[in-house]
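The values are calculated or read from the model by the stated rules, or taken from the named source; none is laboratory data. Source: prediction; values computed, not measured. Every residue, glycine among them, receives a Cβ derived from its backbone with ideal geometry; neighbour counts consider all protein chains shown.
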Amino acid sequence: MGKRTGKEKLGVLRTISYVFSTISLITFLIFSAGYIGSGITGVGFAAFRVQQRPINTRGLPTIFLSIASYRDPQCMFTLLWALKQAKYPERVFIGVLQQNHPDMDVDCLSISLQNGFNATDAELIMKWRNQIRMGRYSYLDARGPTWARYMAIEKLFQQEDYVMQVDSHSRFVPQWDELIIDNIKQLPPNSVISHYPSLFVPGEEDENGLPKDYQKIISRMCKGFYNSDDILQPSGALYALDKKESRSNPFLGAGFTFYPGKAHETVKMDPYLPYLFHGEEILFSMKMVAAGYKLYSPAENIVLHYYYRKDFPRYWDLSSIYPDFHQLQKYSLMRTKYIIGTLDYEQVENVTWTLQEIDKYGINWKDPVVKGRLDKYFTMFEMDLKNKKMGDFCSKGLPEW
């Protein structure tokens, strides 16, 4: 056979390129239509897809990424960027508690051209599909974010080394998994890392799904305020990120929290808090402190959050459907206040329902060690929950544990 001409060589290269492009497209279309036959069920409510963890993580510390999603079209992109930006995606195991409308909402694993994905994205999800654990519920069965986070841990967590809790509308910085593990290893044992993540806006991201200059500023929780329900809510301020170091934290933020997986041996997520929103963070913060954990902000931004989601469905829309919505929410607030010590037993309504399994999911104030930890916490951050006081450390600086 004689030597090929330049045109013939170009033709061969074009043919090879066409074949590979066709294979990628076919793979993508198959994935879009049927989830690559991975055993992921269609939208079957109260259906779980959970595989045991046979995957070789090469001895790397593992991370369980806990995501509660309520009718969120950003969920699929959160999954994609979590895997795409991880340095070692083989150690990232994602648990999604999805609550969707069967006809109006897009499944978190619905990877398709019209949803803004390409063949490369589909191949990435396909490669790591067995590390995505799904719990699918009807949006009509949703009971708020606290319940959804409980279900994600209860049904999808498989004793990974670490847990990272994020919202379903998040983005991740490059090598986020390595950065956050390095960060927590620099802190004392039994540390928890949390804050309110910085902002991203869909459509304004760079090629990594991130806003420009995303590491210029960082938020720190340095004060709080009491809302109309007399619940202490975290607040804070933005700081120039001129030095990458963690600071002590008075609170945990529900949109980004990273902690050792072993914490769930003693800190139980509570299934009896339907429709609770405000109150989740102070409750989780105090339960962690009671169990001997110390709270810190991250040394740098790890996750970014989409805050301005106008016209998106919210779980409280269900209040127009369920006549008992507000009554159950009231009981959840009472339960929260009872656990954190601002409501006496005699003030609790419908005790049989409101205080179900309270010994398992509450705080044991009678334990002198637990009480001592919480007293130190209150003193350190100048908190008085009953008299609605909280120190402002945004300008004077946060005290150290």
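For the reader, a short list of remarks on this structure follows.
- Counting only helices (runs of 4 or more DSSP H) wholly contained in segment 293-379, the ones carrying 2 or more residues that are among the polar types (S, T, N, Q) and surrounded by 13 or more Cβ atoms within 10 Å (Cβ to Cβ) occupy 325-340.
- Strands (runs of 3 or more DSSP E) completely within segment 109-210 that count 2 or more residues being over 13 Å from residue 77 (Cα atoms): 132-138, 162-167, 191-194
Rundown of residues vs (1) farther than 15 Å from residue 288 by Cβ; (2) over 31 Å from the mean Cα position of the chain (by Cα); (3) polar (S, T, N, Q), yes/no style:
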{"position": "342", "(1), (2), (3)": "yes, no, yes"}
{"position": "358", "(1), (2), (3)": "yes, no, no"}
{"position": "363", "(1), (2), (3)": "no, no, no"}
{"position": "371", "(1), (2), (3)": "yes, no, no"}
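- Failed item, numbered, when residue 136 is tested on (1) at positive phi; (2) modelled with pLDDT of 95 or more: (1)
- Every listed requirement among (1) at pLDDT 95 or above; (2) surrounded by fewer than 20 Cβ atoms within 10 Å (Cβ to Cβ); (3) in contact with a strand residue (DSSP E or B) (Cβ under 9 Å, 6 or more places away or on another chain); (4) not hydrophobic (A, V, I, L, M, F, W, C) is met by residue 216 save one, (1).
So that you can scan it fast, the table gives a plain yes or no per residue for (1) of a type outside the set (Phe, Trp, Tyr); (2) at pLDDT below 95:
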| position | (1), (2) |
| --- | --- |
| 253 | yes, no |
| 276 | yes, yes |
| 290 | yes, no |
| 294 | yes, no |
| 306 | no, yes |
| 314 | yes, yes |
| 319 | yes, yes |
| 323 | yes, yes |
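- Hits in segment 81-131 (condition: among the hydrophobic types (A, V, I, L, M, F, W, C), in contact (Cβ under 8 Å) with a residue 60 or more places away in the chain and either closer than 26 Å to residue 261 by Cα or in contact with a strand residue (DSSP E or B) (Cβ under 8 Å, 6 or more places away or on another chain) (or both)): 81, 82, 86, 92, 93, 96, 108, 109, 125
- Condition met for residue 295 (in contact (Cβ under 8 Å) with a residue 40 or more places away in the chain and within 29 Å of residue 376 (Cβ to Cβ)): yes
- In the set 242, 230, only one residue is of a type in the set (Asp, Glu), at pLDDT 95 or above and farther than 21 Å from residue 64 by Cβ; that residue is 230.
- Apart from one condition, residue 64 fits all of (1) without any contact (Cβ under 8 Å) to a residue 24 or more places away in the chain; (2) not in a loop (DSSP other than H, G, I, E, B); the exception is (1).
- So residue 96, is it at pLDDT 90 or above, of a type in the set (Val, Ile, Thr) and outside any helix (DSSP H, G or I): yes
- In the condition set (1) in contact with a helix residue (DSSP H, G or I) (Cβ under 8 Å, 6 or more places away or on another chain); (2) closer than 27 Å to residue 203 by Cβ, residue 104 is compliant with all but (1).
- Between 228, 219, the distinction of being of a type in the set (S, T, N, Q) and part of a loop (DSSP other than H, G, I, E, B) belongs to 228 only.
- Test: residue in segment 263-277 that is surrounded by fewer than 18 Cβ atoms within 10 Å (Cβ to Cβ), closer than 20 Å to residue 70 by Cβ, of a type in the set (Phe, Trp, Tyr) and in contact (Cβ under 8 Å) with a residue 60 or more places away in the chain: no
- Sole exception among (1) touching a residue at least 60 places away in the same chain (Cβ under 8 Å); (2) surrounded by fewer than 17 Cβ atoms within 10 Å (Cβ to Cβ); (3) more than 30 Å from residue 326 (Cβ to Cβ) for residue 226, by number: (3)
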